[in-house]
Amino acid sequence: KPDQGEKKIEDLKIGLSVSTLNNPFFVSLKDGVVKEAEALGIEVKVVDAQDDSAKQINDVEDLIQQGVDVLLINPTDSAAISTAVQSANSIGIPVITLDRSADKGEVEALVASDNVKGGEMAAKYIVQQLGEGALVAELEGVPGASATRERGKGFHNIADEKLQVVAKQAADFDRTKGLTVMENIIQANPDIKAVFAHNDEMALGAIEAINSSGKEIMVIGFDGNDDALKAIEAGQLEATVAQQPDLIGQLAVKAGLDVVQGKKVEENIPAPLKLVTIEE
Amino acid sequence: MKANSEVLQTSKGNLLQSVTQKLGPFLGLLILVVFVSVMNPSFLEPLNILNLLRQVSINALIAFGMTFVILTGGIDLSVGAILALSSALTAGMIVSGFDPMLAILIGCLLGAIFGAVNGLLITKGKMAPFIATLATMTLFRGLTLVYTEGNPITGLGDNILFQLFGRGYFLGIPVPAVTMIVTFIVLYVLLHKTPFGRQTYAIGGNEKAALISGIKVPRVKVLIYSLSGFLAALSGAILTSRLNSAQPTAGASYELDAIAAVVLGGTSLSGGKGRIFGTMIGVLIIGVLNNGLNLLGVSSFYQQVVKGIVIIIAVLLDRKKSA
Amino acid sequence: MKANSEVLQTSKGNLLQSVTQKLGPFLGLLILVVFVSVMNPSFLEPLNILNLLRQVSINALIAFGMTFVILTGGIDLSVGAILALSSALTAGMIVSGFDPMLAILIGCLLGAIFGAVNGLLITKGKMAPFIATLATMTLFRGLTLVYTEGNPITGLGDNILFQLFGRGYFLGIPVPAVTMIVTFIVLYVLLHKTPFGRQTYAIGGNEKAALISGIKVPRVKVLIYSLSGFLAALSGAILTSRLNSAQPTAGASYELDAIAAVVLGGTSLSGGKGRIFGTMIGVLIIGVLNNGLNLLGVSSFYQQVVKGIVIIIAVLLDRKKSA
Amino acid sequence: MHITMQGIYKAFGTNQVLTGVDFELKEGEVHALMGENGAGKSTMMNVLTGLHSLDQGKIFVDGKEMYFKNPKEAEQAGITFIHQELNIWPEMSVLDNMFIGKEPKKAFGLVDSAKMKSLAQEQFARLDVSLPLDKEAGSCSVGEQQMIEIAKALLTKAKVIIMDEPTAALTEREIQKLFEVIASLKKEGVSIVYISHRMEEIFAICDRITVMRDGKTVDTKAIPETNFEEVVRKMVGRELTDRFPKRDSKPGETVFEVKNLTGKAFRDVSFSVRSGEIVGVSGLMGAGRTEIMRGIFGLDPIASGEVLLNGKKVTIKNANQAVHLGIGFITEDRKDEGLVLDFSIKDNIALPSLYSFAPKGLIQEKAEKDFVDMLIKRLTVKTESAETRVGDLSGGNQQKVVIAKWIGIGPKELILDEPTRGVDVGAKREIYQLMNELTNRGVAIIMVSSELPEVLGMSDRILVVHEGKIAGELPQETATQENIMTLATGGQ
Ligand SMILES: Nc1ncnc2c1ncn2[C@@H]1O[C@H](COP(=O)(O)OP(=O)(O)OP(=O)(O)O)[C@@H](O)[C@H]1O
Ligand SMILES: Nc1ncnc2c1ncn2[C@@H]1O[C@H](COP(=O)(O)OP(=O)(O)OP(=O)(O)O)[C@@H](O)[C@H]1O
Ligand SMILES: O[C@@H]1[C@H](O)[C@H](O)CO[C@H]1O
Ligand SMILES: [Mg+2]
Ligand SMILES: [Mg+2]
């Protein structure tokens, strides 16, 4: 490994590759990284893969080309990012992943919320509120995205036992799609009592659909973004499994710094999840 | 008046033909509706029909504009991006204190201006419509992201008119559906009863001849792309009201749905041939498909497969008939 | 030989014209390269150039096929979806124990078959290429999601040849770049030196005249869409190796990048006019833009704005010149 | 209306097309404009009516200097142009075609369709055309489309009508009707500019004639003061002996035969052609001649009947098979079906015989080029190089390229559909000579033509088609305009 340990902190360069900036979650995540780095006087180069795995490995190559000392990667997909991680490994640039893991390659640390656990939290909350056997629906994220898979997995871990998931449709983490898909779900399943959305954007779309149907359906989101928190205050959103994207960003920068300076870091750095309801 | 009877005689043949031409897509829609409602009777419930009308209104407005564009032999890939950009700007105005209805109006005019940019690139710049609007799609999308910094714009207040615009009802009919119907009537008259409409067909049918006949081709085209931009912005305003926020990613790939609707409605992509009534049917076909497949609980993966196949079959049947 | 000198004389005029035709996009590329390397000298480092070549190879392969398609006056919107579907099927075969190189070969042939489906819809089904490939895009994308159940396919083992295919080097040059260059040479000869190539141009130039001259227009078209599918699958295989997995969402909107590259290279969307060399330049322009803007640290939002504007300017300059 | 054009110059890029044209049109006269293909006739009229701007020169209308910015302005001032290239909207109805850009309006700017109908019927009655107004214009024959254009022009109540080769697609009957209309317009004081390559017409209806050559006016004369030979000499700049070169026909074996061929627009068509023979096919507009030829060549489906080549039955389901059997088809619309306008001369000529230059897969460019150069020379195509874009050639030379392309396959049988449509006298004669050369080498030729002098002058035998059936066959010796017309109109 090149001895970057000798570099002064101000001379360090961090490369951040984000899966997409078309989503407030990742914007906060990026802001977390940038703010923390600024506070430390470190330069950050940000690239945005626009949710395209292929673009992301090109982006990572371009970051390596610019001589970054540490790579913070928020993968679009855990499997697809592996080769990029490996090529960073091969020239000795340490990698830290954010929000999603990398399947292969040497990653110094993963800073993320536990999405499986988050899914479970949502299901448990519904059971707790509505009792066992309630009819529920699920709005899924982008098919194939690790957040979709993991949140779905966690949710079904509990729901398959204790709830009846009567409808499950992808709305691609998108508010607009959340609205139309939810309208249709309500039409097909007038008796559902709750809906779990894989993120807040879809949850907020679903709320609009529910409002215009005049039904009483409990909505649980995921992320804890500003809009969602406001909706909870307004009594429209029941709850959200709040992540702390800016914290994920901050923790990642800290970890990166530690690695460059030769300190040991935890392999899994959890960013706490918190179920936010109106009580909080 | 002698010649009249003769004319009438073949008129009949042509009438029949034009009826089946109109009926072609209509039959497709009917079959689809019957199928879905047999499989799931709740499809026909008034509430769902109203839902459906509201759902399709956004695609409908965009597809109406697209019909004009395609009739001239053009295409507009930038409508989704215009929708997003104008809706972000509208939301921005509302947040900074503009009267929401005024903001919507300005937003729609901005949409028309963005459309005019397309029109100018195509006429003055002599760019192919496909590539011109592909480039502006990227450009407008980029501007939206720059303006919103990738975040949705929220906090649009609770002006009642603004809320009604996307979410309200008028005589029991969702306001977006009312907007759609009124727009349809206006555009129907414009297309079929005015010189402007004829000129639209004439440009698509034979642009050189249109030019020689003294039609101000560039002007008509710029107006038509502006119309398309205007309608995209209008549907953007509806969406903004429905979502109570402006989404930077709104409208992604809406152009494809709109184009599909126009073509399903029997309008030819090479221009000069088609009708806006067909587009309305095309919009409904896509709407019923989306809504129906959801009601039937078809997984979203299979939904895409079915959608692809339905488009193919519908267009093939249309070709067979006209051959 | 008498006539020859006479011929040569005007050949010169034509030569000059065809040189500026080739040079038009080339100059654009040059300006871009100079600009980026002045702003950030590390752009010209050999390692980055090799990177760049590897990065563009996927778009290049797709754009090569698209060049043939566009030369016939068609368009292929389904390439991204074919890429995803064939790459999922290839990965599926590898996982289930096929020899990876054999799987890639079969995958490419499947890609050709999917392309042939487009070709048949367009020739036998008389569908407009735009709508036919729009429908199959939806269909193939859906089939990919159904097949993969929305999950990436991983566990592709560590066959060394397979890894080299996307990630390796041959004589210091990235293997995908080598694949791209070899394919370019083969297709260049096919397009400019064989009857098949000439027929491709003729169909785009005047399909009726081509048909009456005895060209088997449907056969040529089906072959060309198959070629396009084959190349999409080939680039899919490279991507699969690079990502060490097949992504169900891979290739989304790649068709647009490929079309942009073809048009930037001076090929006319109305068919009959253009060259594959230009497409290579167009691909490099887009590649340098992507890579360069990253190197210059331009935010991804502004990148889209810049990309849109560059496309507009490049095409406008090209029009000016040819006018 | 009185129009004077003085010293008009016009260039397209480096192509100097008009180099000082003078032209005068008096009120109520029919003024012929003649000249070889590419002489600049259409361009001059396009300059007058504002489609093209002029580079130099002056235009006076009724003594006042005046320049129209676009054709619409010219039309509003009373000058209507029936263009050589038909301006048809194939997908729109006949009625809509006539009123694009000038729809009568009622309240709220809405189109007044009732008025449109009655106006259109009036003009159709005048021209004796019985076309349903709601028929799709694209499904009308070229001749019918031409009549639509004429009716459309009459609608404008113009004071000047420019007719650019109006009769190229018409048959005798329509032509006669058109001449009657021209005569009555003249009486109303309307001036007419009449552009045509057909000498007979010029001498039949025109008052004065202006001849153009290479972008200049050569001379203007009153018709009675000039004659056929003089006009031709001035047009081509040299003496032209006879219009139809001597045919020395020695027909051989029967090469080609069709028996009871039936298709969409024709029934029971039987005829044969011998080697070295030219069989002329005459008939009225829309009689179905083109459709028969398309059927033979495999472009349209055949319901029943058979085709024999050298006595052997052959099936032709597409053009590819026809070409392989050695049949060539020179279609009536060279721009739409004959040529790839953006291709070079070379690429067009080589198109049907590409594979013969590529025995090993790659095109041998030297062989291809030599072959094409040879054909260009043999057919005296006027061009600087084989690389010239075909779209930049004059009409006559384009037609030669189409013929060269088919000679290139070494045909046994050539079908020529209106081979000299829109071609000037000089080039026409060269095409006739070419036909003679081909028949001398044993090629069998079917020539569909609506120009009776051509049919009479070039055919060895004449078939007359009426409503999709062969109404009769006339040997060259006994054929006259009259007996052809009798058969063509359904008489016996
Ligand atoms: N728009 C144009 N651009 C470039 N060249 C043109 C254009 N229009 C005409 N020309 C050229 O101008 C010359 C004169 O053409 P024009 O059509 O006036 O001839 P013409 O006398 O009407 O011939 P014809 O008898 O074949 O109709 C030709 O060489 C033609 O190629
Ligand atoms: N594309 C078409 N669709 C429908 N009808 C057609 C089409 N083309 C020609 N027809 C009709 O077929 C009949 C025969 O036309 P065709 O062109 O063969 O006549 P023709 O004898 O060659 O006359 P012309 O001198 O006009 O070419 C006409 O009644 C015409 O209206
Ligand atoms: O965790 C993130 C967020 O929930 C976002 O809304 C979608 O992508 C996931 O990976
Ligand atoms: Mg002319
Ligand atoms: Mg004919």
> Would you say A:ASP62 is out of contact with any Asp or Glu (no Cβ under 7 Å at 6 or more places or on another chain), of a type outside the set (Val, Ile, Thr) and closer than 21 Å to A:GLU150 by Cβ?
Replying inline: no
> Which residues, taken from the range A:208-218, are within 13 Å of chain B (Cβ to nearest Cβ) and of a type outside the set (D, E, K, R)?
Replying inline: A:ALA209, A:ILE210, A:ASN211, A:SER212, A:SER213, A:GLY214
> Can we say A:PHE173 is outside any loop (DSSP other than H, G, I, E, B) and under 23 Å from the mean Cα position of the chain (by Cα)?
Replying inline: no
> What about D:SER184, is it under 25 Å from D:MET485 (Cα atoms), open to solvent by less than 10 Å² (accessible area, probe 1.4 Å), more than 16 Å from ligand 4 (Cβ to nearest atom) and at pLDDT below 95?
Replying inline: no
>> Scan the range D:372-382 and tell me whether some residue there is within 12 Å of another protein chain (Cβ to nearest Cβ), open to solvent by 10 Å² or more (accessible area, probe 1.4 Å), more than 16 Å from ligand 4 (Cβ to nearest atom) and touching a Ser or Thr at 6+ places or on another chain (Cβ under 6 Å).
In response: no
> If you check D:ILE445, D:ILE470, which single one turns out to be open to solvent by 10 Å² or more (accessible area, probe 1.4 Å), assigned to a strand (DSSP E or B) and away from ligand 3 (no atom under 16 Å from the Cβ)?
Replying inline: D:ILE470
>> Between D:HIS31, D:HIS83, which is in contact with a Cys (Cβ under 8 Å, 6 or more places away or on another chain) and buried (at least 22 other Cβ atoms within 10 Å of the Cβ)?
In response: D:HIS31
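Can you give me the number of residues within the range B:76-111 that are at negative phi, open to solvent by 20 Å² or more (accessible area, probe 1.4 Å) and not charged (D, E, K, R)?
11
Residue check: is D:GLY328 open to solvent by 30 Å² or more (accessible area, probe 1.4 Å), more than 16 Å from ligand 2 (Cβ to nearest atom) and assigned to a strand (DSSP E or B)?
Criteria not met by D:GLY328.
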> Applying the selection to the range D:87-106, what residues are within 11 Å of D:LYS152 (Cβ to Cβ) and in a loop (DSSP other than H, G, I, E, B)?
Replying inline: D:ASN87, D:ILE88, D:ILE100, D:GLY101, D:LYS102
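Within the range B:172-245, which helices (runs of 4 or more DSSP H) (wholly inside it) include 2 or more residues that are of a type in the set (Val, Ile, Thr) and open to solvent by less than 40 Å² (accessible area, probe 1.4 Å)?
Correct list: B:175-193, B:195-205, B:217-243.
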>> Of everything in the range C:229-259, what is over 28 Å from C:TYR169 (Cβ atoms) and at the interface with chain A (Cβ under 10 Å from one of its Cβ atoms)? Give them in sequence order.
In response: C:PRO248, C:THR249, C:ALA252, C:SER253
>> Can you find, within the range A:233-262, the residue that is nearest to the other protein chains (Cβ to nearest Cβ) among those that are crowded, with 24+ Cβ neighbours inside 10 Å and either out of contact with any strand residue (DSSP E or B) (no Cβ under 6 Å at 6 or more places or on another chain) or modelled with pLDDT under 90 (or both)?
In response: A:PRO245
> Restricting attention to the range D:130-145, which residues are within 10 Å of chain B (Cβ to nearest Cβ), open to solvent by less than 40 Å² (accessible area, probe 1.4 Å) and assigned to a loop (DSSP other than H, G, I, E, B)?
Replying inline: D:LEU131, D:PRO132, D:LEU133
>> Quick check on my filter: what residues within the range A:181-207 are open to solvent by 10 Å² or more (accessible area, probe 1.4 Å), within 23 Å of the chain's Cα centre (by Cα) and either within 7 Å of another protein chain (Cβ to nearest Cβ) or within 21 Å of B:GLY292 (Cβ to Cβ) (or both)?
In response: A:VAL181
>> When you scan the range B:42-53, do you find a residue that is modelled with pLDDT of 95 or more and more than 11 Å from chain A (Cβ to nearest Cβ), even just one?
In response: no
> Is it true that some residue in the range C:260-269 is surrounded by fewer than 24 Cβ atoms within 10 Å (Cβ to Cβ) and either at the interface with another protein chain (Cβ under 10 Å from one of its Cβ atoms) or in contact with a Gly (Cβ under 6 Å, 6 or more places away or on another chain) (or both)?
Replying inline: yes
> Just a yes or no: is a residue in the range D:52-72 in contact with a helix residue (DSSP H, G or I) (Cβ under 8 Å, 6 or more places away or on another chain) and within 16 Å of ligand 5 (Cβ to nearest atom)?
Replying inline: no
> When you scan the range D:213-239, how many residues do you find that are in a loop (DSSP other than H, G, I, E, B) and open to solvent by less than 30 Å² (accessible area, probe 1.4 Å)?
Replying inline: 2
>> Given the condition over 17 Å from the mean Cα position of the chain (by Cα), over 19 Å from C:PRO248 (Cα atoms) and either modelled with pLDDT of 85 or more or assigned to a loop (DSSP other than H, G, I, E, B) (or both), answer yes or no: does some residue in the range A:48-57 qualify?
In response: no
>> Quick check on this structure: which one of D:ILE445, D:ILE409, D:ILE470 is under 23 Å from the mean Cα position of the chain (by Cα) and in contact (Cβ under 8 Å) with a residue 12 or more places away in the chain?
In response: D:ILE445
>> more than 8 Å from ligand 2 (Cβ to nearest atom), open to solvent by less than 30 Å² (accessible area, probe 1.4 Å) and over 15 Å from D:GLU306 (Cβ atoms): is that true of D:VAL279 in this structure?
In response: yes
> Taking the stated definitions as given, is D:GLY101 of a type in the set (Gly, Ala, Ser) and facing another protein chain (nearest Cβ under 8 Å)?
Replying inline: yes
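Yes/no per residue for (1) within 22 Å of A:ALA271 (Cβ to Cβ); (2) open to solvent by 20 Å² or more (accessible area, probe 1.4 Å):
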residue	(1), (2)
A:ASP11	no, yes
A:LEU16	yes, no
A:SER19	yes, no
A:VAL27	yes, no
A:VAL33	yes, no
A:ALA37	yes, no
A:ALA49	yes, no
A:ALA54	no, no
A:ASP69	no, no
>> For the range C:299-320, which positions are more than 7 Å from chain B (Cβ to nearest Cβ), open to solvent by 40 Å² or more (accessible area, probe 1.4 Å) and either on the phi > 0 side of the Ramachandran plot or modelled with pLDDT of 85 or more (or both)?
In response: C:SER299, C:VAL306, C:ILE313
> Mind checking whether some residue in the range D:391-401 is more than 16 Å from ligand 2 (Cβ to nearest atom), hydrophobic (A, V, I, L, M, F, W, C) and over 22 Å from D:GLY35 (Cα atoms)?
Replying inline: no
>> For the range D:7-41, give me each residue that is in a strand (DSSP E or B) and either in the same structural domain as D:THR388 (by TED's automatic domain parsing) or β-branched (Val, Ile, Thr) (or both).
In response: D:ILE8, D:VAL17, D:THR19, D:VAL21, D:VAL30
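The values are calculated or read from the model by the stated rules, or taken from the named source; none is laboratory data. All of these numbers come straight from a predicted model, not from anything done at the bench. Neighbour counts are summed over all protein chains in view; Cβ atoms, including those assigned to glycine, are modelled from backbone coordinates with ideal geometry. Each accessible area value is taken on the protein alone, full model and side chains, heavy atoms only, with ligands, DNA and RNA left out. Shrake-Rupley method; radii C 1.70, N 1.55, O 1.52, S 1.80 Å.
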